[in-house]
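Inspection log for the structure reproduced underneath, given as C-alpha cells.
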Number of protein chains: 2
Amino acid sequence: MSGSRPFANALELLRGASLRPTRQRLALARLLFDKGDRHVTAEQLHGEAVAAAVPVSLATVYNTLHQFIGAGLLREVVVNPGRSYFDTNVSDHHHFFIEESGKLVDIPGDHIAVANVPAPPAGTAIRRVDVIIRVEREPV
Amino acid sequence: MSGSRPFANALELLRGASLRPTRQRLALARLLFDKGDRHVTAEQLHGEAVAAAVPVSLATVYNTLHQFIGAGLLREVVVNPGRSYFDTNVSDHHHFFIEESGKLVDIPGDHIAVANVPAPPAGTAIRRVDVIIRVEREPV
DNA sequence: CGGCTAGTTTAGAGCCATTCTAATCTATTG
DNA sequence: CAATAGATTAGAATGGCTCTAAACTAGCCG
Ligand SMILES: [Mn+2]
Ligand SMILES: [Mn+2]
Ligand SMILES: [Zn+2]
Ligand SMILES: [Zn+2]
C-alpha cells in the first residue's frame, strides 16, 4: 500500500518512470524532490549537482529534466523569453512571478478561479490553463 | 477632438511617443497598426518589411518594438521559451495559444474572470495578470 | 563471475533568438 | 546649410538550449 508519500526514494521514482537509476538521475531526482516544491532552472540544478560533488553535464541535466516532464514528475513554466523553469509541483496550480528576483511562488489551484472561459477556437481543445500574476516590489 | 481612432496615421503615433518619424519606424508602425490587432514575432515583422521593400535591419526591428512597448503601443506576450510575441492589442485581455501553429487568439478581458486571487507576496504589488489557455488540435 | 548490448552520459560543436558594438547615416534645429 | 543628437546598421557576441558521435555503464545472460 503506497501511503501519502508517493515515492519513498529516488530509486522507486525512477523505476516508476521506467528510467534506469543512474548515478546522475538519482542525484538529480534527490535534489529536485527531497526538499518539497521547487521551481528551478536547468542551470541552477546543474550548479547544485556540481556543488554536491555529483559530476553531471548540463546536457544530462536537460535530458533528465525532459524525461521527468515526460513521466509527469515535472512541468515546465514559461514566464520569460529565453529561460525555462522546471516545477516539481505537478498538481493544478498557478504562479506569482516576481520579476526582480526571478522567483516563482505557487498559488494553489483551488485558491483561484478562472471563470467564463470562452469556447476554444474551432477544432481545438483546452490542454492547460496557466495564470501568471506578475508582481513588482511594492512602491513605497 | 481626438475621435475613437486614436492615431489617424503613423506620423501622429510616433510624435505622441516622442520618437523621430524615420522611414523605418513609420513603415513598421504602419505594418503593425494598420491592420487591426496582431500578434507578431520580430522575425515575422522584419520579413513583412523586407517584402514591402522597406529596407530595415533586424536590430532596428527589435529596437523599434521595444520602444513601442516603452510607449505603451505594444505589449510582449511570452508563451514559449526562446521567442517573444508582440501584441498590438494593449487593452486588458488574455490569450488562447495554439501550440501546433504558434498562433495567439485574443480573449477579451471582460469575457474571462480571474477570481479569488490571493494577496501577492509581502512587499510586492500586482503589475499584470496573464492568462494563457493552451489548446491543441482536437482529437477526432 | 565476464561478456554483450541497449541505454546513458558527455565534451564540444552547433543553433537560434536576441543584444551589443562601433561605425555610418539622418532628422531636426538654428 | 552646418552642427549634432539621435537612429540605423552589419556583423560580432551572447546565452539558453540541442545535437553529435564517441565513451561509458546498467542490466542481462551464459
Ligand atoms: Mn523544453
Ligand atoms: Mn524584450
Ligand atoms: Zn509551481
Ligand atoms: Zn492579444
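Could we say that A:THR41 is closer than 19 Å to A:ASP87 by Cβ and within 11 Å of DNA strand C (Cβ to nearest atom) here? No, not satisfied.
If you scan segment B:50-89, which residues turn out to be touching a strand residue (DSSP E or B) at 6+ places or on another chain (Cβ under 9 Å), open to solvent by 40 Å² or more (accessible area, probe 1.4 Å) and part of a strand (DSSP E or B)? Once the filter is applied, which keeps residues that are touching a strand residue (DSSP E or B) at 6+ places or on another chain (Cβ under 9 Å), open to solvent by 40 Å² or more (accessible area, probe 1.4 Å) and part of a strand (DSSP E or B), segment B:50-89 yields B:GLU76, B:ASN80. Of all residues in segment A:29-43, those satisfying the criterion of being on the phi < 0 side of the Ramachandran plot and within 15 Å of ligand 3 (Cβ to nearest atom) are A:LEU32, A:PHE33, A:LYS35, A:ASP37, A:ARG38, A:HIS39, A:VAL40, A:THR41. Inspect segment B:56-69 for any residue being within 22 Å of A:ARG127 (Cβ to Cβ) and modelled with pLDDT of 95 or more and give the result as yes or no. Within segment B:56-69, not a single residue is within 22 Å of A:ARG127 (Cβ to Cβ) and modelled with pLDDT of 95 or more.
Inspection of segment B:25-33 finds a residue satisfying the criterion of being outside the structural domain of B:VAL131 (by TED's automatic domain parsing), within 16 Å of ligand 4 (Cβ to nearest atom) and within 13 Å of the chain's Cα centre (by Cα). Just one residue in the set B:LEU26, B:LEU45, B:LEU31 is over 29 Å from A:VAL79 (Cα atoms) and in a helix (DSSP H, G or I); that residue is B:LEU26. Here A:GLU138 does not qualify as open to solvent by 70 Å² or more (accessible area, probe 1.4 Å) and in contact (Cβ under 8 Å) with a residue 12 or more places away in the chain.
Filtering segment A:12-49 to residues that are without any contact (Cβ under 8 Å) to a residue 60 or more places away in the chain, under 26 Å from A:HIS94 (Cα atoms) and of a type in the set (A, V, I, L, M) leaves A:ALA17, A:LEU28, A:ALA29, A:LEU31, A:LEU32, A:VAL40, A:ALA42, A:LEU45. Confirm whether A:ARG75 is among the charged types (D, E, K, R) and either at the interface with another protein chain (Cβ under 9 Å from one of its Cβ atoms) or out of contact with any Phe, Trp or Tyr (no Cβ under 8 Å at 6 or more places or on another chain) (or both). No. Test A:GLY102 against the criterion of being without any contact (Cβ under 8 Å) to a residue 24 or more places away in the chain, within 16 Å of ligand 2 (Cβ to nearest atom) and open to solvent by less than 50 Å² (accessible area, probe 1.4 Å), and give yes or no. Considered against the rule, which asks whether it is without any contact (Cβ under 8 Å) to a residue 24 or more places away in the chain, within 16 Å of ligand 2 (Cβ to nearest atom) and open to solvent by less than 50 Å² (accessible area, probe 1.4 Å), A:GLY102 comes out as yes. Close contacts from segment A:111-130, counting a first residue that is at the interface with another protein chain (Cβ under 7 Å from one of its Cβ atoms) and a second that is in a strand (DSSP E or B) and of a type in the set (Gly, Ala, Ser), with Cβ to Cβ under 7 Å and a gap of 6+ residues or different chains, come to A:ALA113/B:ALA115; A:ALA115/B:ALA113; A:ALA115/B:ALA115; A:ASN116/B:ALA113.
Per-residue answers, yes or no, for (1) at pLDDT 95 or above; (2) not assigned by TED's automatic domain parsing to the domain that holds B:THR22; (3) not β-branched (Val, Ile, Thr):
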residue	(1), (2), (3)
B:HIS46	yes, no, yes
B:ALA51	yes, no, yes
B:LEU73	yes, no, yes
B:ILE98	yes, yes, no
B:LEU104	yes, yes, yes
B:ASP110	no, yes, yes
B:VAL114	no, yes, no
B:PRO118	no, yes, yes
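Among residues of segment B:50-67 that are over 12 Å from B:ARG25 (Cα atoms), those with a beta-carbon under 8 Å from a residue that is away from ligand 1 (no atom under 16 Å from the Cβ) and part of a helix (DSSP H, G or I) at least six positions away or on a different chain give the pairs B:ALA52/B:ALA27; B:ALA52/B:LEU31; B:LEU58/B:ALA42; B:LEU58/B:GLU43; B:LEU58/B:HIS46.
Kindly evaluate B:ILE132 against the criterion of being modelled with pLDDT of 95 or more, under 21 Å from A:ARG128 (Cα atoms) and open to solvent by less than 20 Å² (accessible area, probe 1.4 Å). In short, yes.
The values are calculated or read from the model by the stated rules, or taken from the named source; none is laboratory data. A quick note: this is a predicted structure, and the numbers were derived from the prediction, not measured. Here Cβ is always computed from backbone atoms with ideal geometry, including for glycine, and neighbour counts include all displayed protein chains. Only protein heavy atoms, including side chains, enter the accessible area calculation; ligands, DNA and RNA are left aside. Shrake-Rupley method; radii C 1.70, N 1.55, O 1.52, S 1.80 Å.
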